[in-house]
Amino acid sequence: MCQKDFEYEDKRLKEYEAFANRNITKDETVLGYRDMNSRFLDAEKLEFRGSLRQEEYNKRKTEHEKRKKDIESAWHKNTKNRVKDLKKGNRGNVKSPDYYQRYSLKELEYFLKNNDRGGNSAEYNSVATDLELYNRIAVGDKEVEGLGLLERLKESCQHYIDSRNPTFTSGKIRKAIITQLSIKVNAEIEKQRNEYSTKPNETLEEMRKEQSDENIVAAFKSHYNLMYQVLNGNMTLKKDEKAKLDSNMEEVLKNMMKLKVDENQSNTLSSRFFNSLGWASNKPTMVDDKDLDDDGKEYKNSPLKKRMYHTTNPMLIPVLDPKTKKPRIDPKTKKPVMKRKENAFEETNQLLGKNGGKVYYGIGKAGKGIYCAVKSNAEGSTDEDAKKDSLSYGKDSGAVMVKMMLNGNARIVHILDAQNKASALRKSFPKIYNVLENTDGRSGVGFDDALTMHVALYGYNTILSNGSFNTNNTVTSDRKALSISTTTIVRDEFGDLDKMSVNNLI
């Protein structure tokens with residue numbers, strides 16, 4: 001495992017932690033993966049190898065061991081009553097895998113966490129933390145992420161089973177639990193693989209019979225789910241199967257252009273793509289401004305831990321003739337005479353998802369989406385730099401700036417990795433790539449309009465790109481990844497800045 005592997009593991013784990021640890025109950029612990037999973041600990045050890053970093057690694061190792069003991073202790077305490085209730089009426093042999101056949105994956109997690117031998121082995125905790133991660137992450141609209149997590153859990157289960165030949169009762173119980181868990185995990189993997197493989201053909205046939213909006217969207221979602229698994233290495237297709245998927249999804253994407261978009265959305269494939277995926281309808285999390293401070297809960301749980309700023313300038317609208325109520329035409333240019341709206345409140349409300357509005361996907365060099373300015377990693381870079389950069393896009397009176405932060409729903413990719421993934425997509429699925437790339441065209445020189453769609457196929461909803469020396473930019477395609485302050489900054493009629501509650505914008 002190399003440095004790049006650790007960077008990926010750490011980045012993705014921060015996203016998982018931000019999602020799973022934000023609203024944990026009193027009976028739960030924070031994710032134990034960082035401190036107790038061998039996959040992460042081995043990657044971290046390689047990352048910090050070498051005499052120059054040995055002291056830092058030793059400090060981390062000590063912290064891991066301390067938290068491991070605390071988490072295990074909490075596990076035993078929190079699951080005691082749950083396991084006691086689960087055992088009621090089960091009179092089988094606790095040393096046999098059959099005893100645990102009746103229990104779900106979540107219930108088996110309780111059994112694993114409750115089993116106490118005065119300290120768990122690394123192999124045992126890898127199973128427990130892989131299972132915990134799956135149960136906490138692969139829920140709701142993140143179910144598509146489950147197959148990859150199950151594959152890791154399968155690997156950890158098999159490693160534990162192969163490394164154990166217990167003679168004592170406690171060891172036999174542990175192996176029995178994990179053996180049954182392995183059986184269930186393998187069955188779930190097979191079930192999910194089968195569904196991801198067969199659903200696209202079923203929905204495609206329905207779409208061909210009747211090209212209704214519902215059938216087109218269903219076909220898109222099933223093809224998207226299969227693409228996600230293939231592109232992330234969770235499923236492998238033969239050459240002819242890949243070619244078939246490429247052609248079929250090309251057909252679906254072309255049919256998507258028949259779908260309507262909201263009146264205040266752009267008439268583009270990007271709008272239809274994210275509308276069909278459901279991301280355009282997701283709403284952000286609205287939070288108090290103080291929650292985005294360094295000691296605020298949103299900051300602590302953010303995978304990026306940087307405040308982001310988005311400014312909307314009042315739109316240009318036609319000047320209406322007072323008599324005809326039609327747009328006035330400039331006699332010289334023969335084009336409508338335009339003026340700025342008084343403010344950008346309506347557009348800001350759309351961004352916030354007020355009244356059920358879908359996202360307007362703005363243009364930019366890293367794809368269509370919600371663009372924000374954020375301070376860079378350069379020494380001396382500050383939030384003021386990011387604010388200044390953001391406000392440069394809203395110089396007129398009535399412009400509105402909102403402050404936000406990425407939360408646990410964010411799936412972040414750097415611009416260079418995003419471009420590499422787009423290139424990989426082009427090689428493996430050229431027809432899909434071409435439809436995404438060419439349907440809307442490019443908004444201008446250097447604009448990669450399709451990039452947010454390309455990386456969305458891999459599951460990413462946020463691209464982090466380079467801006468100036470002191471600022472970077474983010475572009476997000478799913479508002480669910482954003483926690484937005486209820487306090488905004490609005491330019492007054494003289495161009496000065498005042499604070500205004502977002503609730504007063506309606």
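Look at the range 248-273: where a residue is touching a residue at least 60 places away in the same chain (Cβ under 8 Å) and under 25 Å from residue 201 (Cα atoms) and a partner is part of a helix (DSSP H, G or I) and open to solvent by 50 Å² or more (accessible area, probe 1.4 Å), sitting 6+ places away or on another chain with Cβ atoms under 6 Å, you get 250/431. Scanning the range 214-235 for residues that are aliphatic (A, V, I, L, M), open to solvent by 20 Å² or more (accessible area, probe 1.4 Å) and under 18 Å from residue 202 (Cα atoms) yields 217, 218. When residue 303 is tested against (1) part of a loop (DSSP other than H, G, I, E, B); (2) open to solvent by 50 Å² or more (accessible area, probe 1.4 Å); (3) under 24 Å from residue 385 (Cα atoms), exactly one condition is not met: (2). Being at pLDDT below 90 and open to solvent by less than 10 Å² (accessible area, probe 1.4 Å) holds for only one residue in 455, 475, 502, 445, and it is 502.
Specify the residue that is most open to solvent (accessible area, probe 1.4 Å); the eligible residues are those in the range 22-55 that are modelled with pLDDT of 90 or more and part of a loop (DSSP other than H, G, I, E, B). This residue is 30.
Note on the range 169-187: residues that are in contact (Cβ under 8 Å) with a residue 60 or more places away in the chain and either touching a Gly at 6+ places or on another chain (Cβ under 8 Å) or small (Gly, Ala, Ser) (or both) total 1.
Being acidic (Asp, Glu), more than 25 Å from residue 304 (Cβ to Cβ) and surrounded by fewer than 16 Cβ atoms within 10 Å (Cβ to Cβ) is the filter here, so list the residues in the range 329-385 that pass it. Steps first, answer last, please.
As a first pass, look at the range 329-385 and keep what is acidic (Asp, Glu): 330, 342, 346-347, 379, 383-385.
Okay, now just the ones that are also more than 25 Å from residue 304 (Cβ to Cβ), so 330, 342, 346.
Within the range 329-385, 330, 342 qualify.
Note on the range 392-432: residues that are part of a helix (DSSP H, G or I), open to solvent by 30 Å² or more (accessible area, probe 1.4 Å) and under 30 Å from residue 16 (Cβ atoms) total 10. The residues of the range 151-174 that are surrounded by fewer than 20 Cβ atoms within 10 Å (Cβ to Cβ), more than 31 Å from the chain's Cα centre (by Cα) and of a type in the set (Lys, Arg), listed by number, are 164, 172.
The values are calculated or read from the model by the stated rules, or taken from the named source; none is laboratory data. Small disclaimer: the values here were computed from a predicted structure and weren't measured. Virtual Cβ from ideal backbone geometry, glycine too; neighbours counted across all protein chains shown. To get the accessible areas, we keep the full protein, side chains included, count just its heavy atoms, and leave off ligands, DNA and RNA. Shrake-Rupley method; radii C 1.70, N 1.55, O 1.52, S 1.80 Å.
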